[in-house]
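Novice: Attaching a single structure in structure tokens format; questions to follow.
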Amino acid sequence: MADWLTPAGEPAVLVTVARAEGSVPRAAGTHMLVTAGGQFDTVGGGHLEHKALAIARDMMAARRPAFPYIERFPLGPSLGQCCGGVVWLLFEPVTGGLADVLEQLRQRRKEDACRISAIDGEADCRLTGELHQDTHIRTDAAGRRWLVDPVKAPRAHLLLFGAGHVGAAIVRALAELPCSVTWVDERDAMFPRDVPANVAIEATDTPEACVDDAPDNASYLVLTHSHALDQQLAEAILRRPKVGWFGLIGSKTKRAQFASRLAAKGLSTENMVCPIGLPGIINKAPAVIAASVAAQLLMVWESQAKD
């Protein structure tokens, strides 16, 4: 399912979890873009989402007022969902200021941003220079309520070296996950014409320079067509400070060989993950490796986010 910032190209309503209490499917700050015939992203599925879709499409069909509308949903009493919490959903027609804001957010996917949007009265949505930690509702001096809605860039960044079958499968597996990917290979022709929105291609004859230029605490995944290049990249990664995670494709034998060679250069491979993927998954098909590595990376990134 495409994310909520996917351009709809037709009338749409933005649905935002403005507030959440107790056990709920998705947290405050979750978004879903609804069109007449489809949706982008999800507020959690089930009866809540069914009701949200119906309300949004009623708004597009002019059966509801074409200005922001907020509704409280007790998930247990009113919807029969086992979660039992309470969710407030804000429905906003994508016109005027909101349409402009969504386009700006699409252009700024790699930057933190924050929008404020009127809940009461006529639609009024804009980006603000203030950065807030969490989505919340505030009331101004005149008693008008506003949604304060931070839209944060993905914190997890992966440098993926290698555009072969496994690299391409991993890019596909990460396409809708909360991360950004720099995909590196010297063979320009290996890259597909279209890549996911969270991927930037770097076709270069000096891939080790991408290691030097990477942000602190980035993750690295090395799976090139050449063991010599793998070793060159491993050396560059192990020499730089503040590495978030480093995975190298290969067997235990490859790890032992690399550990010996790199130790001779004074480098520790203690934090080099090789083989990659979750224990117990042994299928070597690219799609299986990709699913296993994507799950492994999510575990790493969620653990890092708690620190």
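Laboratory data are not the source of any read-out in this text; all were calculated from the coordinates shown. Small disclaimer: the values here were computed from a predicted structure and weren't measured. Here the Cβ positions follow ideal geometry from the backbone for every residue, glycine too, while neighbour counts run over all protein chains shown.
Novice: How far is helix 227-239 tilted, in degrees, relative to the longest principal axis of the Cα atoms in the chain, given as a value from 0 to 90 rounded to the nearest 10?
Specialist: 70
Novice: Let me ask something else about it. If you line up the long axis of helix 286-306 against the longest principal axis of the chain, both from Cα atoms, how many degrees apart are they, to the nearest 10?
Specialist: Between the helix axis and the principal axis of the chain, the angle is about 70 degrees.
Novice: Test of understanding: what is the full-extension gain from residue 122 to residue 106, defined as 0.36 nm times their sequence separation minus their Cα-Cα distance? Show your work: numbers first, answer last.
Specialist: Details: separation 16, 0.36 × 16 = 5.76 nm, distance 2.42 nm.
Separation in residues times 0.36 nm, less the Cα-Cα distance, equals 3.3 nm.
Novice: Further question on the same structure: Apply the Karplus parameterisation 6.51 cos²θ - 1.76 cosθ + 1.60, with θ equal to phi minus 60°, to every residue of segment 195-200 and state each ³J(HN,Hα) to the nearest whole Hz, in sequence, with x for glycine and proline.
Specialist: 10, x, 5, 8, 10, 10
Novice: Another question about this same structure. In nm, to one decimal, how far is the modelled label at residue 58 from the one at residue 187, with both set 7 Å along Cα→Cβ?
Specialist: Rounded to a tenth, the inter-label distance reads 5.6 nm.
Novice: Under a no-solvent Debye model with one identical scatterer per Cα of segment 12-151, what's log10 I(q)/I(0) at q = 0.13, 0.14, 0.17 Å⁻¹?
Specialist: Values returned for q = 0.13, 0.14, 0.17 Å⁻¹ are -0.54, -0.62, -0.93.
Novice: Then there is this: Could you pull out every residue, at least 5 positions away or on a different chain, whose amide H is within less than 5 Å of the one on residue 273? Hs are placed 1.01 Å off N in the peptide plane, and Pro or chain starts have none.
Specialist: Correct list: 246, 247, 248.
Novice: Something else: Enumerate the amide H contacts of residue 12 below 5 Å, restricted to partners 5 or more residues apart or on another chain; note that Pro and chain-start residues carry no placed amide H.
Specialist: Here 94 satisfy the definition.
Novice: Points 7 angstrom from Cα along the Cβ direction at residue 242 and residue 281: gap in nanometres?
Specialist: Here the modelled spin labels are 3.0 nm apart.
Novice: If I model a spin label at residue 133 and residue 195 as a point 7 Å from the Cα along the Cα→Cβ vector, what separation in nanometres do I get?
Specialist: 3.5
Novice: Let me ask you something else. List the trypsin sites (Lys or Arg not before Pro) within segment 220-307 that DSSP assigns to loop and that have no more than 11 neighbouring Cβ atoms inside 10 Å. Kindly include the intermediate steps, with their values, before the conclusion.
Specialist: Working: sites: 239, 242, 252, 254, 255, 261, 265, 284, 306; in loops: 242, 265, 284.
Of the trypsin sites (Lys or Arg not before Pro), the ones in loops of segment 220-307 whose Cβ has at most 11 other Cβ atoms within 10 Å are 242, 265, 284.
Novice: Can you tell me the orientation of helix 96-107 relative to the chain, as the angle in degrees between its alpha-carbon axis and the longest Cα principal axis, to the nearest 10?
Specialist: 10
Novice: Step through the residues of segment 23-40 one at a time and calculate ³J(HN,Hα) from phi using the Karplus curve (6.51 cos²θ - 1.76 cosθ + 1.60, θ = phi - 60°), rounding each to whole Hz and writing x for Gly and Pro.
Specialist: 3J(HN,Hα) across segment 23-40, in whole Hz: 7, 9, x, 9, 7, 4, x, 6, 10, 9, 9, 10, 10, 4, x, x, 8, 10.
Novice: Amide H neighbours of residue 126 under 5 Å, counting only residues 5+ apart in sequence or on other chains, H built in-plane at 1.01 Å?
Specialist: HN-HN under 5 Å from residue 126: 116.
Novice: So if we plug the beta-carbon distance of residue 50 and residue 204 into 1/(1 + (r/R0)^6) with R0 = 45 Å, what FRET efficiency do we get, rounded to 0.05? Please list the in-between numbers first.
Specialist: Details: r = 48 Å, r/R0 = 1.07.
Efficiency computed from Cβ-Cβ geometry: 0.40.
Novice: OK, next. On a full-extension model of 0.36 nm per residue, what is the gain between residue 270 and residue 302, subtracting their alpha-carbon distance, rounded to one decimal in nm? Show your work: numbers first, answer last.
Specialist: Working: separation 32, 0.36 × 32 = 11.52 nm, distance 2.12 nm.
Extra length from residue 270 to residue 302 when fully extended: 9.4 nm.
Novice: Follow-up. State which entries of 152/242; 152/306; 51/110; 51/152; 252/306; 254/284 exceed 25 angstrom in Cα-Cα distance in the structure shown.
Specialist: Working: 152/242 22 Å; 152/306 16 Å; 51/110 32 Å; 51/152 27 Å; 252/306 30 Å; 254/284 16 Å.
The pairs that break the limit, which is 25 Å between Cα atoms, are 51/110; 51/152; 252/306.
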